[in-house]
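Have a look at the structure below before the remarks.
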Amino acid sequence: MFTVRKALAATAIGALTIVPLAACSSDDSSTTTETSSASSEAATTEAMPEPAAEVPDLSNGVDTAVALDAGFTGALTTLGLTPGVVGTATLADGSIRFPITGGDVSYWEPGTVDPYVQGMIMHDGSGLSLTAGETVVELINFDIDPGTSILTGDVMVNGEEAAADAVLFDLDGRTLQPLATGPDNTAILQGTEVKISETAAGLLNSTFNTDAVTPGLLVGVATITVSTA
């Protein structure tokens with residue numbers, strides 16, 4: 001049914017390069033313009049704090065895990081849908097895991113920058129399948145954009161592409177916990193709620209000939225673990 005292809009994480013390495021906006025001046029003097037621009041750049045740089053943690057390359061993993069909500073699994077049972085995994089994804093103990101394959105992430109202390117988690121987390125080659133009879137829907141190749149709070153991916157129906165780079169899940173970060181340090185040189189972001197998007201609900205309803213899949217349905221709570229090594 002759904003697949004995650006890109007994941008999110010952060011690590012305390014280095015400082016984010018800040019590109020300030022150039023100021024415009026109504027003065028025809030080049031000296032005045034340069035001075036005004038320099039002052040504006042300095043003010044912008046001072047106003048924008050450096051990230052508390054940063055991982056410029058997420059190709060070392062680890063994964064995004066979604067602890068499936070009982071309401072979601074119950075809805076699947078009611079609809080007669082059997083969940084499964086695609087590619088390198090795994091499903092065990094009520095959680096589905098999608099290995100992180102690339103991207104980048106920066107993390108600021110909450111309240112200092114909005115959004116305080118930015119970047120892109122990719123999960124290529126994995127996903128979630130939903131099967132009813134001879135119909136198989138695969139949600140794969142997830143990209144998580146924490147800055148816009150959306151998760152995009154591809155949709156396959158019986159082996160053929162039904163949608164590419166579609167918004168499949170909405171992410172609610174209001175329950176996100178502070179960045180934590182994990183074992184084996186990892187950083188962990190836990191607590192984001194993953195919900196069915198309007199697009200995904202429409203695709204699933206039309207494919208399985210139902211109207212029971214509603215936008216905003218809670219899929220589960222995500223834990224993103226990234227390698228900082």
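The values are calculated or read from the model by the stated rules, or taken from the named source; none is laboratory data. Here the structure is a predicted model, which means the values were calculated and not measured. Positions of Cβ are backbone-derived with ideal geometry, glycine not excepted, and every protein chain shown enters the neighbour counts. These accessible areas exclude ligands, DNA and RNA; they are computed on the full protein's heavy atoms, side chains included. Shrake-Rupley method; radii C 1.70, N 1.55, O 1.52, S 1.80 Å.
Filtered by the rule that a residue be under 22 Å from residue 91 (Cα atoms) and open to solvent by 50 Å² or more (accessible area, probe 1.4 Å), the range 196-229 gives a lone residue, 221.
Taken together, 100, 96 contain a single residue that is at pLDDT 95 or above, touching an Asp or Glu at 6+ places or on another chain (Cβ under 6 Å) and β-branched (Val, Ile, Thr), which is 100.
Flag set for residue 136, criterion: free of Cβ contacts under 8 Å to residues at least 24 places away in the same chain and farther than 20 Å from residue 222 by Cβ. For the range 133-182, residues that are open to solvent by 30 Å² or more (accessible area, probe 1.4 Å), of a type outside the set (Val, Ile, Thr) and out of contact with any Ser or Thr (no Cβ under 7 Å at 6 or more places or on another chain) total 16. Only residues that are open to solvent by less than 30 Å² (accessible area, probe 1.4 Å) and either outside any loop (DSSP other than H, G, I, E, B) or more than 18 Å from residue 53 (Cα to Cα) (or both) were counted in the range 108-123, giving 5. When 170, 211 are screened for being at pLDDT 95 or above, in contact with a helix residue (DSSP H, G or I) (Cβ under 9 Å, 6 or more places away or on another chain), of a type in the set (Asp, Glu) and at negative phi, only 170 passes. Of all residues in the range 55-107, exactly one satisfies the criterion of being assigned to a helix (DSSP H, G or I) and in contact with a Gly (Cβ under 7 Å, 6 or more places away or on another chain), namely 72.
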